């Protein structure tokens, strides 16, 4: 577990350094990341106490009440990177990322990305024994557990995206936790309570592959790769590689889980700015065409 926690620490530091190099208002970036950390902990800790749907392995080194410190720090990075990527995808060429239309739609797209991220992260982490759920679902993960992170992410993005001062940003500490609880209760009693059960992996894998390939084709047709900044996508690659390595260590003998995780790759392949990568490769000073 110590090696895993050191890897998490490295991922967090890499993300912070990369973000700080890409923004002008570093104080606002650090403040917002800090607020996401606190709001995420408040939400998750109260959810665990209130509903008891899941618990973390005691092998984690440092806990803040019921939640490991590393989880408290790394989940907001997932949410923040999804928010940044959503704004890039929604911003037309020549338009500001702070335009009203982008601000309004980014929380929905960002929450959808977090929903997808959680469906990759949760099954791999459960297979690795990092935490476990007390209710059944797909790969031992109930859908409402994944939805919870997306709900929190969307609310947090909406509050921070509309905030025009540091004082308004503080509202995320109230709106995101309370709103997540209310939406979880509504979706549980309105839907998930009545359809709870183990979900067979085969049809779920088929559906996620169909959806993934549809997104892949859509992204290619819309030429998203030509508007995607390489730096924004690079922010997410280290964390993605971390979970693929974790899958290789703990889940390589579970073919259905491997097929499930690989299904999340095609959309990212379609939005990767390959033309930028080729230009960088072609202009690299150490590149040579000498066959010798």
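Read the figures in this text as sums done on the coordinates, not as results from a lab. As the structure is a prediction and not an experimental result, all values here were calculated from the model. With ideal geometry, Cβ positions are generated from the backbone for all residues, glycine too; neighbour counts draw on all protein chains shown.
From the alpha carbon centroid of the range 137-154 to that of the range 213-227 is 26 Å. Each principal axis of the Cα cloud of the range 115-163 was evaluated for its coordinate range; sorted largest first, these ranges are 38, 17, 15 Å.
Does the range 1-100 come out rounded, prolate or oblate by the C-alpha gyration tensor, with a ≥ b ≥ c the root eigenvalues, rounded set by a/c under 1.5 and, if not, prolate when a/b is larger than b/c and oblate if not? Mind showing how you got there, number by number?
Details: a/c = 2.56, a/b = 1.75, b/c = 1.46.
Taking the square roots of the gyration eigenvalues as a ≥ b ≥ c, the range 1-100 is prolate.
Using a Gaussian network model of the chain in which every pair of alpha carbons under 10 angstrom is joined by a spring, one finds that among 155, 210, 173 the greatest mean-square fluctuation is at 210. Normalised by the number of residues in the range 194-268, the mean separation of alpha-carbon contacts (under 8 Å, six or more apart) gives a relative contact order of 60 percent.
Taking square-rooted eigenvalues a ≥ b ≥ c of the alpha carbon gyration tensor, is the range 46-85 rounded, prolate or oblate, where a/c under 1.5 means rounded and, failing that, a/b exceeding b/c means prolate? Please list the in-between numbers first.
Working: a/c = 2.95, a/b = 1.60, b/c = 1.84.
Oblate is the answer for the range 46-85, as a/c is 1.5 or above yet b/c matches or exceeds a/b.
For the chain, modelled as a Gaussian network with Cα springs under 10 Å, which listed residue fluctuates most, 145, 190, 137? Maximum among the listed residues: 190.
Placing pseudo-labels 7 Å out from each Cα toward the beta carbon at residue 277 and residue 265 gives an inter-label distance of 1.2 nm.
At q = 0.13 Å⁻¹, what base-10 log of I(q)/I(0) does the Debye formula yield for the range 54-144 when every alpha carbon is treated as an equal point scatterer in vacuo? Result of the Debye calculation: -0.56. Per residue, the chain reaches -23000 deg cm²/dmol at 222 nm when only DSSP H runs of four or more residues are counted, each adding -39500 (n - 2.57). Placing pseudo-labels 7 Å out from each Cα toward the beta carbon at residue 182 and residue 66 gives an inter-label distance of 2.2 nm. Model label points for residue 170 and residue 223, set 7 angstrom from Cα along the Cα-to-Cβ axis, are 4.8 nm apart.
Give the dimensionless ratio obtained when the Cα radius of gyration of the range 200-292 is divided by 2.2 N^0.38 Å.
Values: Rg = 16.8 Å, N = 93, 2.2 N^0.38 = 12.3 Å.
After normalising by residue count via 2.2 N^0.38 Å, the value is 1.36.
To make sure I understand, if each residue's beta carbon is the centre and we count other beta carbons within 10 Å, what order do 88, 269 fall in, fewest to most? Working shown, then result.
On the way: 88 19, 269 12.
Fewest-to-most ranking of 88, 269: 269, 88.
Using 0.36 nm per residue of separation minus the Cα-Cα distance, give me the extension gain between residue 195 and residue 24 in nm, one decimal. Walk me through the intermediate numbers first.
Details: separation 171, 0.36 × 171 = 61.56 nm, distance 4.79 nm.
Taking 0.36 nm per residue and subtracting the Cα distance, the gain is 56.8 nm.
Quick check on the range 2-283: take the gyration tensor over C-alpha atoms, sort the square-rooted eigenvalues as a ≥ b ≥ c, and tell me if it's rounded (a/c under 1.5), prolate or oblate. Because its axes are fairly even, with a/c under 1.5, the range 2-283 counts as rounded. Among 67, 17, 146, the residue with the largest mean-square fluctuation in a Gaussian network model of the chain, with springs joining Cα atoms closer than 10 Å, is 17.
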